[in-house]
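Bear in mind that the values in this text are calculations on the coordinates, not laboratory data. Please read these numbers as outputs of a predicted model, since none were measured by experiment. Note that each Cβ is placed from the backbone with ideal geometry, even for glycine, and that neighbours are counted across all protein chains shown.
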Amino acid sequence: MIVVNSPYNRIAYNLAVENYVFNNYDDDIFMVWRNQPCVVIGRNQNIYKEVNIKYCEENNIEIVRRLSGGGAVFQDMEVIQYSFITKEREGNSFEYFTKPVLIALEKLGLHGEFTGRNDLVIDGKKFSGNAQYHRHGKVLHHGTILFGGNLEHLKNALKPNPLKFVGKNVKSVSSRVGRLKDEIDLTPQEFMDHLNKTVMEVFNIDHITEPNEEEKKKIEEIVSEKFGNDNWNYGMTPKFQIELAEKHDFGIVEYGISLDKGKVSKFVITGDFFSNDEVDKLTEKFIGLNFTESEFKKALEGVNVGFYIIGMTEEIFIKDLFKER
Ligand SMILES: Nc1ncnc2c1ncn2[C@@H]1O[C@H](COP(=O)(O)OC(=O)CCCC[C@@H]2CCSS2)[C@@H](O)[C@H]1O
């Protein structure tokens with residue numbers, strides 16, 4: 001096993017390093033890494049359901065989809081990730097790969113435990129979530145460790161959308177969380193070094209490497225094709241529909257929205273309001289867009305919604321579709 005140091009601290013890049021190493025290295029790998037603020041969703045999650053996209057846009061929190069399954073987590077520069085990439089072997093359970101983390105904590109006088117699902121907890125509070133990806137006889141096991149981190153962002157960015165979404169998708173499992181830095185006096189960097197050192201001892205590793213310039217180019221290609229690309233981050237959202245109805249003094253407005261590959265594929269507005277023109281002339285402006293307030297507002301520039309739905313304003317329209325429920 002060798003240690004790979006990632007030169008990046010952006011989620012799309014670090015996921016691309018994992019992906020590159022997974023596909024191109026024969027050695028088993030260990031890697032510790034961290035990112036600027038981001039939300040990382042599971043492979044089969046509905047981005048609209050699990051993430052407060054507006055909050056993320058307003059707070060510069062990137063949203064990226066990973067290859068492994070499971071739920072959505074928040075990370076920032078105080079949240080530490082680790083990855084093992086190995087050949088698939090008997091006994092490669094979640095418990096097996098999380099053990100070195102628990103050993104590293106014991107050395108710091110902290111007693112953590114593995115729970116039945118995929119979490120590590122201290123005193124019942126989750127500080128680590130884990131996920132795996134298996135392919136071609138190899139396994140990627142990675143985990144996030146809430147060493148520190150902005151809990152306000154964690155709570156707000158991951159607030160599940162309470163709208164009824166008709167469709168299949170993996171839901172996150174919300175937990176009571178706790179941060180390690182409230183228990184120990186280390187900086188995030190010191191904690192990373194400690195974790196690295198512990199794993200190097202446990203697995204007898206003496207070799208540390210870093211992607212070279214040529215590899216970095218390939219990693220950057222993976223970023224633009226996948227983890228930094230809306231077609232992956234939004235597009236892998238399973239098909240779903242939303243139905244809404246809002247009562248206004250100018251009438252009841254019913255919205256039926258279908259999303260396919262993360263984009264609006266069908267949008268129907270019905271109701272008992274008065275109209276000057278066919279409402280499909282309005283709704284067709286949104287076909288192909290992400291279902292986000294920012295994209296809808298952009299599409300509405302120069303459009304008079306009151307022309308299609310008498311009494312309607314842009315403000316009411318946006319509120320009907322995107323207000324916090
Ligand atoms: N950073 C972090 N650490 C620990 N727990 C978290 C974190 N962020 C959110 N949460 C809590 O976990 C649940 C979601 O739990 P759930 O079990 O649904 O999902 C996970 O744990 C997935 C872990 C993925 C790890 C990958 C490793 C490399 S990139 S991401 C969320 O609602 C919060 O309550």
Q. Put a dot 7 Å past each Cα toward the Cβ at K218 and N204; how far apart are the dots in nm?
A. 2.9
Q. Roughly speaking, what % of Cα-Cα pairs in region 73-231 are separated by over 24 Å, rounded to a whole number?
A. 44
**Q.** Computed over the chain: relative contact order in percent, which uses C-alpha pairs under 8 Å that are six or more apart
**A.** 18
Q | Model label zone, S93; criterion: amide N under 19 Å from point 7 Å along Cα-to-beta-carbon; scope region 142-158 | A | 142-143
Q. Using the C-alpha atoms of region 1-41, what convex hull volume per residue, in cubic angstrom, is computed?
A. 67
Q) For A245 and E301, what does the FRET efficiency come to when R0 = 25 Å and r is the distance between their Cβ atoms, rounded to the nearest 0.05? A) 0.40
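At a 10 angstrom cut-off on C-beta neighbours, averaged per residue, how do the peptides 194-202, 75-83, 156-164 rank from highest to lowest?
Put in order of decreasing packing, that is 75-83, 194-202, 156-164.
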Q | Helix-only mean residue ellipticity at 222 nm for the chain, each DSSP H run of n ≥ 4 adding -39500 (n - 2.57), per residue, nearest 500 | A | -8000 deg cm²/dmol
Q) In whole Å, what three semi-axes, largest first, describe the equivalent ellipsoid of the chain built from its Cα gyration tensor (square root of 5 times each eigenvalue)? A) 43, 21, 16
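So how much slack lies between L108 and D27, counting 0.36 nm per residue of separation and subtracting their Cα-Cα distance, in nm?
Working it through step by step, the gained length comes to 26.2 nm.
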Q: Compute the Rg to Rh ratio over region 177-325 from the alpha carbon atoms, using the Kirkwood formula for Rh, and round to two decimal places.
A: 1.24
Q. Roughly what percent of Cα-Cα pairs across region 242-322 reach past 22 Å?
A. 15
Q. Quick one: helix 11-24 against the long Cα principal axis of the chain, what's the angle to the nearest 10°, folded into 0 to 90?
A. 60
Q. What residues qualify as long-range amide H neighbours of G271, i.e. H under 5 Å apart, gap of 5 or more or another chain, H built at 1.01 Å from N?
A. E254
Q | Per-selection metrics, region 49-126 (Cα): Rg and Dmax in Å | A | 15.4, 45
Q: Return a whole-number percent for the relative contact order of region 242-322, with Cα pairs under 8 Å and 6 or more residues apart as the contact set.
A: 25
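Arranged from highest to lowest average of other beta-carbon atoms within 10 Å per residue, in what order do the peptides 254-262, 241-249 appear? Kindly include the intermediate steps, with their values, before the conclusion.
Working: 254-262: 17.8, 241-249: 13.7.
Sorting 254-262, 241-249 by mean packing, highest first, produces 254-262, 241-249.
Can you list, largest first and rounded to whole Å, the semi-axes you get for region 19-87 by taking the square root of 5 times each eigenvalue of its Cα gyration tensor?
26, 15, 9
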Q. Which angle between 0 and 90 degrees, to the nearest 10, do you get for helix 213-222 versus the longest principal axis of the chain when only C-alpha atoms count?
A. 40
Q: Set the Förster radius R0 to 45 Å, insert the Cβ-Cβ distance between D272 and K171 as r into 1/(1 + (r/R0)^6), and round the FRET efficiency to 0.05.
A: 0.80
